[in-house]
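Report on the following structure.
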Amino acid sequence: MTLTKNDIVAKVNDLGFTKKKSAEVVESLLEIMKDALAEGEDVLVSGFGKFCIKQKRPRRGRNPATGEALLLDQRKVVTFKCSGKLREAINGDGDQAPVTPHPV
């Protein structure tokens with residue numbers, strides 16, 4: 001199951017805020033984070049994790065319809081690195097998920 005923005009608004013509403021105020025708070029938070037990332041700033045939420053902008057280099061690709069080789073432009077992507085506290089909450093007390101090596 002996926003937690004949606006509407007689900008988050010409902011959870012904020014459960015804290016005693018009106019539905020309208022809950023939606024405004026969630027929208028404002030997401031807008032602040034989006035603006036910071038668009039300006040190239042990292043977003044650090046203590047105890048949760050860090051959102052960062054990474055620059056991807058241009059790379060070779062292929063048009064799947066024609067098979068033509070293409071050079072894809074460089075681009076920026078958002079990455080997320082979870083905090084140790086979040087990792088522990090996900091994995092439980094001391095239960096560490098096996099580390100899977102990533103291909104180089």
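The values are calculated or read from the model by the stated rules, or taken from the named source; none is laboratory data. Model, not experiment: these values are computed from the prediction. No Cβ is skipped: glycine too gets one built from the backbone with ideal geometry, and neighbour counts run over all protein chains shown.
Does residue 14 count as exposed (fewer than 14 other Cβ atoms within 10 Å of the Cβ), modelled with pLDDT of 95 or more and touching a strand residue (DSSP E or B) at 6+ places or on another chain (Cβ under 7 Å)?
no
For segment 1-42, a residue qualifies if it is in contact (Cβ under 8 Å) with a residue 12 or more places away in the chain, closer than 25 Å to residue 54 by Cα and among the small types (Gly, Ala, Ser), and exactly one does: 40.
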